[in-house]
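Student: Structure incoming, see below.
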Amino acid sequence: MSDWGINVIFQGQNFLRLLEGLGVSMRIAVVSVLISSVCGIFLGLLMTSRYVAVRSLCRSYLEAVRIVPLLVWLFVFYFELTKVLHLQLPAEFVADIVFSIWGTAEMGDLVRGAVTSLPAHQRESGLAVGLTRWQVYRYVILPQAVRRLLPSAINLVTRMIKTTSLVVLIGVVEVLKIGQQIIEVSILKVPTASFWVYAIIFFLYFIICWPISLWAKHLEKRWQ
Amino acid sequence: MKETEKILLEVHKLKKNYGNKEILHGIDFSVHRGEVVVLLGPSGCGKSTFLRCLNGLEEIQSGSILLDGSIISDGKAEWYAIRQKIGMVFQSYDLFPHMTVIENILLGPLKAQKRKKNEVEKQAAELLERVGLLDRKDDYPAQLSGGQKQRVAIVRALCMNPEIMLFDEVTASLDPEMVREVLDVMKELAQQGMTMLIVTHEMNFARSVADRIVFIDEGCIVEESEPEQFFTAPQTERAQRFLDIFSYEN
């Protein structure tokens with residue numbers, strides 16, 4: 001039994017530590033997804049503004065975030081800001097910030113796409129019943145836009161969850177890092193340790209992302 | 001002066017451009033309370049644009065619009081407040097697809113006018129009853145036919161208790177057999193004394209419902225007259241040509 005690689009997972013505190021690591025990943029994901037959803041909606045609405053200046057400002061933000069790889073943003077905020085501003089930010093906090101900046105940009109673009117895909121007369125009939133511009137967004141545009149952007153937004157959420165694994169590289173100890181630690185300790189005794197550790201990490205990510213996708217499908221059907 | 005003779009809506013020298021192109025060339029126009037005016041004219045003559053200017057969906061370049069004697073087009077008055085007095089129904093089926101019939105109707109009165117829910121619900125039920133759709137009040141727009149949707153759209157505008165109703169080619173994208181049910185609702189409204197401004201291509205309807213016909217061509221009012229006179233003996237050659245097209249079709 002003892003040479004079965006899978007036992008590595010259940011030795012000592014290993015499994016519990018993996019779950020703890022997963023907790024760190026999920027905390028970063030949940031915080032940044034929440035911030036991104038709220039800010040993304042506002043960014044998306046701003047991107048449909050009547051004013052060219054507002055639109056191009058938002059566009060520049062989106063492009064800047066997209067052009068630079070996420071890993072570079074993590075390094076810039078974690079290492080460079082410290083040097084320039086002498087501001088020592090905790091790695092997890094930097095992860096929250098960078099993922100929120102990224103998520104907001106992506107969510108904003110999704111919201112913009114959904115809002116502009118609505119026929120213009122929806123807005124006009126909202127105005128025609130005496131609603132203010134803001135009320136038209138609140139009661140007419142957003143509820144319909146949310147239904148349209150849901151599949152792609154959920155896709156973004158699962159992408160964000162998976163991409164949190166990058167934070168290893170600024171020293172956050174999350175599920176992947178703990179997995180590597182376990183492998184390092186056990187690899188000499190159990191040569192297949194890395195296979196089993198990565199398999200369990202795969203499984204952990206899967207049981208988190210899969211229900212989210214199922215839920216999205218369910219909502220999509222219900223709102224059709 | 002009798003109440004019905006009072007001018008409700010007045011337009012002075014209204015000009016409207018799209019880019020450099022002037023669409024409306026200084027329109028002077030007025031509607032009395034209780035009057036039904038039908039705007040006729042070839043496609044692209046500016047009649048729909050004119051209607052849209054009246055409730056602020058299009059910005060105007062110069063001129064003024066007065067409702068009940070006060071200026072509404074100077075930017076000081078808020079359009080959203082004015083639109084509560086000016087009901088509008090569009091050509092496209094413009095119900096909100098994510099709301100039921102009754103939610104569509106209640107949105108304006110509850111959120112824009114902040115009225116009490118039970119009072120508005122009662123009025124909505126009465127109006128739906130009148131257009132024969134009370135049993136469909138919990139349906140979604142996708143479950144309704146085009147004619148039913150337009151009748152709901154009319155009820156939605158009416159439930160705001162507007163002083164005037166604007167109809168922008170409301171039957172133009174309906175199947176022919178559904179046109180009648182919508183026109184009947186409008187005719188009934190006219191008979192009840194609602195002030196109405198109607199853009200339509202239904203000539204027989206125009207003739208029977210209008211107190212006055214306004215013929216617009218190339219952004220100008222070319223002729224204004226009573227329907228009998230307009231349809232039997234138009235005073236301008238342009239109006240005659242316009243009517244000829246329709247008599248040829250019939």
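Nothing in this text is a laboratory measurement; each read-out follows from the coordinates by a stated rule. Since this is a predicted model, take the numbers as computed values, not measurements. A quick note on method: Cβ atoms are made from the backbone with ideal geometry, for glycine too, and the neighbour counts reach across all protein chains shown.
Student: Which whole number gives the average, over all residues in B:75-83, of C-beta atoms from other chains lying within 10 Å of the residue C-beta? Before the final figure, lay out each step's value.
Tutor: Numbers: counts 0, 0, 0, 1, 4, 11, 2, 1, 6.
If you average over the peptide's residues, the count of other-chain Cβ atoms is 3.
Student: With labels modelled as points extended 7 Å from the Cα through the Cβ direction, what inter-label distance (nm, one decimal) is found for B:ASP138 paired with B:SER43?
Tutor: 4.2
Student: Still on this structure, please answer the following. Averaging over all projection directions, find the projected area of the Cα convex hull of segment B:7-249 and quote it in nm² with one decimal place. If you can, show how the numbers build up before the last one.
Tutor: Values: hull surface 53.4 nm².
If I average the Cα hull's projected area over directions, I get 13.4 nm².
Student: Quick one: net charge around B:GLU78, please, counting Lys, Arg +1 and Asp, Glu -1 for every other residue with C-beta under 14 Å from its C-beta.
Tutor: Numbers: positive: A:ARG133, B:LYS76, B:ARG83, B:LYS85; negative: B:ASP74.
Local net charge: +3.
Student: Okay, moving on. When you look at the Cβ of every residue in B:104-113, what mean number of other chain Cβ atoms sits within 10 Å? Intermediate results must be reported in sequence, preceding the final value.
Tutor: Working: counts 2, 1, 0, 8, 8, 2, 1, 9, 9, 2.
Going residue by residue through B:104-113 and averaging, the value is 4.
Student: Based on Cβ point charges of +1 for Lys and Arg and -1 for Asp and Glu, what charge dipole magnitude is obtained for segment A:2-223 about its Cα centre, in debye rounded to the nearest 20?
Tutor: Dipole magnitude for segment A:2-223 comes out near 880 debye.
Student: Quick one: length gained pulling A:ARG133 to A:HIS86 fully straight, 0.36 nm per residue minus the C-alpha distance? Numbers along the way, then the final one.
Tutor: On the way: separation 47, 0.36 × 47 = 16.92 nm, distance 4.38 nm.
12.5 nm is the gain from fully extending A:ARG133 to A:HIS86.
Student: What residues have an amide H closer than 5 Å to that of B:VAL170, excluding those fewer than 5 places away on the same chain, when H is modeled at 1.01 Å from N in the peptide plane?
Tutor: none
Student: Each label point is 7 Å from the Cα along the Cα-to-Cβ direction; what then is the distance between the points at B:ILE71 and A:LEU70, in nm?
Tutor: For B:ILE71 paired with A:LEU70, the spin-label model returns 5.6 nm.
Student: Residue by residue, what Karplus-based ³J(HN,Hα) values in Hz, rounded to whole numbers, does segment A:76-86 have, using 6.51, -1.76 and 1.60 with θ = phi - 60° and x for Gly and Pro?
Tutor: The phi angles translate into 4, 6, 7, 9, 6, 4, 4, 5, 6, 9, 6 Hz.
Student: What is the set of long-range amide H partners of B:MET88 at a cut-off below 5 Å, with H atoms built 1.01 Å from backbone N?
Tutor: B:LEU166
Student: A further question on this structure: From the C-alpha coordinates alone, can you work out the Kirkwood hydrodynamic radius of segment B:151-190, in Å?
Tutor: Values: mean 1/r = 0.0927 Å⁻¹.
With all distinct Cα pairs of segment B:151-190 included, I get 10.8 Å.
Student: Continuing with this model, one more query. Cut-off under 29 Å on the C-alpha distance; same-chain residues fewer than 8 positions from B:LYS116 excluded. Which lysines are left, in chain and number order?
Tutor: Cα-Cα hits under 29 Å: B:LYS76, B:LYS85, B:LYS137, B:LYS149.
Student: Moving to a separate point now. Just how far, in whole angstrom, is segment A:46-118 from segment A:181-196 if you go by their alpha carbon centroids?
Tutor: Centre-to-centre distance over Cα atoms comes out at 38 Å.
Student: May I pose another question? In nm², what is the average projected area of the convex hull enclosing the Cα atoms of segment B:198-250?
Tutor: On the way: hull surface 14.0 nm².
Average of the hull's projected areas for segment B:198-250 equals 3.5 nm².
Student: Over the residues of segment A:74-149, compute the C-alpha Rg and express it relative to 2.2 N^0.38 Å. Let's see the in-between values first.
Tutor: Details: Rg = 19.2 Å, N = 76, 2.2 N^0.38 = 11.4 Å.
Against the compact-globule rule of thumb, the ratio is 1.68.
Student: Could you work out the mean count of beta carbons from other protein chains within 10 Å of each residue's beta carbon in A:118-125?
Tutor: Mean partner shielding for this stretch: 5.
Student: Evaluate the charge dipole of segment B:7-249 about its Cα centre and quote only its size in Debye, nearest 20, assuming +1 on the Cβ of each Lys and Arg and -1 on the Cβ of each Asp and Glu. If you can, show how the numbers build up before the last one.
Tutor: Numbers: 28 positive and 37 negative charges, 177 e Å.
Using only the charged Cβ atoms, the result is roughly 840 debye.
Student: Could you list which residues have their amide H under 5 Å from that of B:HIS32, counting only those 5 or more apart in sequence or on another chain, with H placed in the peptide plane?
Tutor: Under 5 Å from the amide H of B:HIS32: B:LEU8.
Student: I would also like to ask the following. Any chance you could check the Cα centroid distance between segment B:197-250 and segment B:1-76 for me, in angstrom?
Tutor: The distance from the Cα centre of segment B:197-250 to that of segment B:1-76 comes to 18 Å.
Student: Among A:VAL111, A:VAL190, A:LEU74, which residue has its Cα furthest toward the positive end of the charge dipole of the protein assembly as shown, with +1 on Lys/Arg Cβ and -1 on Asp/Glu Cβ?
Tutor: Checked the options; the winner is A:VAL190.
Student: Taking the convex hull of the Cα atoms, report for segment A:2-223 its projected area averaged over all directions, in nm². Write down the numbers at each step before the final one.
Tutor: Details: hull surface 62.1 nm².
Computing the convex hull of the Cα atoms and averaging its projections yields 15.5 nm².
Student: Provide the FRET efficiency to the nearest 0.05 for the A:GLU20-A:VAL54 pair, computing r from the beta carbons and using R0 = 56 Å. It would help to have the intermediate numbers written out before the result.
Tutor: Numbers: r = 44 Å, r/R0 = 0.78.
Rounded to the nearest 0.05, the efficiency is 0.80.
Student: Here is a follow-up. Quick check on packing: order A:197-207, A:148-158 by the mean number of other C-beta atoms within 10 Å, highest mean leading.
Tutor: Working: A:197-207: 15.5, A:148-158: 18.5.
Result, highest mean Cβ count within 10 Å first: A:148-158, A:197-207.
Student: Set Lys and Arg Cβ to +1 and Asp and Glu Cβ to -1, take the dipole of the protein assembly as shown about its Cα centre, and tell me which of A:ALA64, B:MET88, B:ILE65 lies farthest positive.
Tutor: Highest projection toward the positive end goes to A:ALA64.
Student: How big is the antiparallel share of DSSP beta bridges in the protein assembly as shown, given as a percent to the nearest 5? Working shown, then result.
Tutor: Working: 21 of 38 bridges.
Roughly 55 percent of the DSSP beta bridges within the protein assembly as shown come out antiparallel.
Student: Which of the peptides B:73-85, A:47-59, B:188-200 is most tightly packed, and how do the rest follow, judged by the mean count of other Cβ atoms within 10 Å per residue? Walk me through the numbers on the way to the answer.
Tutor: Numbers: B:73-85: 15.9, A:47-59: 13.4, B:188-200: 18.7.
Highest mean packing first, the order is B:188-200, B:73-85, A:47-59.
Student: What nm distance separates the two modelled labels at B:ASN17 and A:LYS221, each placed 7 Å from Cα along Cα→Cβ?
Tutor: 5.6
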